[in-house]
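Student: Before I ask anything, let me first share the structure, which is written out below as structure tokens.
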Amino acid sequence: MAQALLGGRGGSELPPHGTGTARSTKLPEPNDPCGCIKHDTQSVEGRPLDTDDRLVERAQQGDVHAYGALVQRYQNLAYRTAYLVTGAAADAEDAAQEGFVKAYYALARFRAGAPFRPWLLAIVANEARNRRRSARRQGDLAVRVAEDRPSGDAAPSPEVAALAGERRRTLLAAVNRLSAADREMIACRYFLELSEAEVAATLGCRRGTVKSRTSRALTRLRAVLAEQGDGQAMSVTLEGGGE
Amino acid sequence: MTDRELERALADLGAHLEHSATPPIAAAVAVRLAEAPAPSPGRRGRVARAARARARLRRPLPRPRWQRLALACLAVVALATAVLAASPATREAAARLLGLRGVRIEIGGPGPAATTRVGGELYLGDLATLDEARQQVRFPVVVPTVPGFERPDAVYVDPRVPADGRVDFIYRPRPGLPAAPGTGVGLLVTQFRASVDQNFVKKAQLGEGSLEVVTVNGEFGYWFATEHGFSYLDRNGNELPETSRLAGSTLIWERGGLTLRLEGQVSKEQALRIAESMR
């Protein structure tokens, strides 16, 4: 049957039926690799992931494989960060891409031992801000239409789900009305859940000011909510739909 | 509302924000890095200038989705030809960054004609029935549901390489499905489960041809519109020269934890239709 499939196509052979395991067409066993030279930098299946520090160090020495691993590791976070700054998916994609390329060329200036993640995010956030400026507007963030829930939770009643959805939309409408700086602060702190040190590095401010800036952003958010007449409603639904 | 309540509400909001799926940033970065020289501390000024020059070339305004995709395709096509002259280091960058789980894509290098045989052997496993194949591999085997493709003409299974096994479907040539150059069969569909880290089970070497990033049921894939080199790698990522051959148009994509590959003389639309129908 297999032979018949090949029709008279010269040179292109499927292994014939029933020739069992001893064919030359077999790939080598996993434990019996070919005798080729093994690259030191080659990642091997199943090995624990390298730390950022180690990957950065290798990338600085010219190991592009190591940088590739860093890109794979942080592409989601970089994209999310850029998206939270611009509010536009296309701009966020550009910004994340450009951020990774610029970070690669800036690696020589990266201080050994410093954390890579906030350093990268700072570059990405900066790219995202540039795009936001060019677009002359900040895209509104949106809440997912289909509300999923953490696995294991009991399905909320339709009323509770609707209420939760409404509460999120109300809160997001207020976040969208904040200044770019306030929104960035809130996004880094609460949406990306970065530490204070990481927020400081990402947004390029002193660590000591993160707390006070966050606090001021929250105050203004509260004011916007009150202005929307939603402060009370938020409070009520929060208590009603608590943990 | 207390500060703590507001903070809790914000964290909850963060978990429910709309994000489109992360676009294939790693692939795009690979393309960009492959276009440019590798950095070195001694050339910082030149590199910075090059970076600024590239920055000036960046598109300043958001573009519609379709237009952006078209640009991405062009960039990859351009790369395929431009990188021929690039340094091995930058080619390596592209090699590492492009690809899916278990698949490495190399761009540039010697053209496929120089390195690969036409119609080399297909390196299939043992001939089996679909049920036998299902029993021998450690992942759920999926089959096209498009009419005419529900029943492969032959099923091959290799239970050991890669670790969870691999299944190949063969469809014989027939009207509307000509024999494909490279395999001589109508359609070859391969599926396997790749490890979380790249395990380099296969690689495709792209000569001058087109490579397009596509989505299949929302997951990423690549469409190779033209002939390209193809070979299997050993577990250390070294090419197995005896497996090297010329492949025709090919779609590779991911589905759940599976990596799939479809090769045949079909249009991109046909390939996507078959791929998306697999259950």
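Student: I'm checking my understanding of the structure. Among residues of region A:121-148 that are modelled with pLDDT of 80 or more and part of a loop (DSSP other than H, G, I, E, B), which one is nearest to the other protein chains (Cβ to nearest Cβ)?
Tutor: The residue in question is A:Leu141.
Student: How many residues are free of Cβ contacts under 8 Å to residues at least 24 places away in the same chain and facing chain A (nearest Cβ under 9 Å) if we restrict to region B:171-185?
Tutor: Of all residues in region B:171-185, those free of Cβ contacts under 8 Å to residues at least 24 places away in the same chain come to B:172-176.
Next cut, facing chain A (nearest Cβ under 9 Å) only: B:172-173.
Matching residues across region B:171-185 total 2.
Student: Taking the condition of being within 14 Å of another protein chain (Cβ to nearest Cβ) and over 17 Å from B:Tyr232 (Cα atoms), how many residues in region B:139-168 meet it?
Tutor: Residues flagged as within 14 Å of another protein chain (Cβ to nearest Cβ) and over 17 Å from B:Tyr232 (Cα atoms) within region B:139-168 amount to 5.
Student: So for region B:199-207 (the condition being within 14 Å of chain A (Cβ to nearest Cβ), closer than 22 Å to B:Val155 by Cα and modelled with pLDDT of 70 or more), does at least one residue qualify?
Tutor: Just the residues of region B:199-207 that are within 14 Å of chain A (Cβ to nearest Cβ), to begin with: B:199-203.
Restricting the remaining residues to those that are closer than 22 Å to B:Val155 by Cα gives B:201-202.
Now restrict to residues that are modelled with pLDDT of 70 or more: none.
No, there is no match, as no residue in region B:199-207 is within 14 Å of chain A (Cβ to nearest Cβ), closer than 22 Å to B:Val155 by Cα and modelled with pLDDT of 70 or more.
Student: Looking at region A:164-219, which of its residues are acidic (Asp, Glu) and under 23 Å from the mean Cα position of the chain (by Cα)? It would help to see each step written out before you state the result.
Tutor: First pass over region A:164-219, keeping only residues acidic (Asp, Glu): A:166, A:182, A:184, A:193, A:196, A:198.
Those that are acidic (Asp, Glu) and under 23 Å from the mean Cα position of the chain (by Cα): A:Asp182, A:Glu184, A:Glu193, A:Glu196, A:Glu198.
One line per residue, one yes/no per condition, for (1) over 16 Å from A:Arg132 (Cα atoms); (2) in contact with a helix residue (DSSP H, G or I) (Cβ under 8 Å, 6 or more places away or on another chain); (3) basic (Lys, Arg); (4) crowded, with 20+ Cβ neighbours inside 10 Å:
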| residue | (1), (2), (3), (4) |
| --- | --- |
| A:Tyr67 | yes, yes, no, yes |
| A:Leu70 | yes, yes, no, yes |
| A:Gln75 | yes, yes, no, yes |
| A:Leu84 | no, yes, no, yes |
| A:Ala92 | no, yes, no, yes |
| A:Gln97 | no, yes, no, yes |
| A:Ala103 | yes, yes, no, yes |
| A:Ala106 | yes, yes, no, no |
| A:Phe110 | yes, yes, no, no |
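Student: May I ask you to list the residues in region B:144-164 that are farther than 19 Å from B:Ala271 by Cα and touching a residue at least 60 places away in the same chain (Cβ under 8 Å)?
Tutor: Once the filter is applied, which keeps residues that are farther than 19 Å from B:Ala271 by Cα and touching a residue at least 60 places away in the same chain (Cβ under 8 Å), region B:144-164 yields only B:Pro162.
Student: Hey, can you tell me all the residues within region A:168-211 that are touching a Cys at 6+ places or on another chain (Cβ under 7 Å) and not in a helix (DSSP H, G or I)? Working first, answer last.
Tutor: First, the residues of region A:168-211 that are touching a Cys at 6+ places or on another chain (Cβ under 7 Å): A:194, A:199, A:202-203.
Selection gives A:Leu194 alone.
Student: On the given criteria, is A:Thr209 within 13 Å of chain B (Cβ to nearest Cβ) and β-branched (Val, Ile, Thr)?
Tutor: Numbers: within 13 Å of chain B (Cβ to nearest Cβ): no; β-branched (Val, Ile, Thr): yes.
So A:Thr209 does not fit the description; no.
Student: Just to be sure, is B:Pro23 more than 7 Å from chain A (Cβ to nearest Cβ) and either surrounded by 14 or more Cβ atoms within 10 Å (Cβ to Cβ) or modelled with pLDDT of 70 or more (or both)?
Tutor: On the way: more than 7 Å from chain A (Cβ to nearest Cβ): no; either surrounded by 14 or more Cβ atoms within 10 Å (Cβ to Cβ) or modelled with pLDDT of 70 or more (or both): yes.
For B:Pro23, the condition - more than 7 Å from chain A (Cβ to nearest Cβ) and either surrounded by 14 or more Cβ atoms within 10 Å (Cβ to Cβ) or modelled with pLDDT of 70 or more (or both) - is not met.
The values are calculated or read from the model by the stated rules, or taken from the named source; none is laboratory data. Because the structure is a prediction, the values reported are computed rather than measured. As a convention, Cβ positions derive from the backbone with ideal geometry for all residues, glycine included, and neighbour counts pool all protein chains shown.
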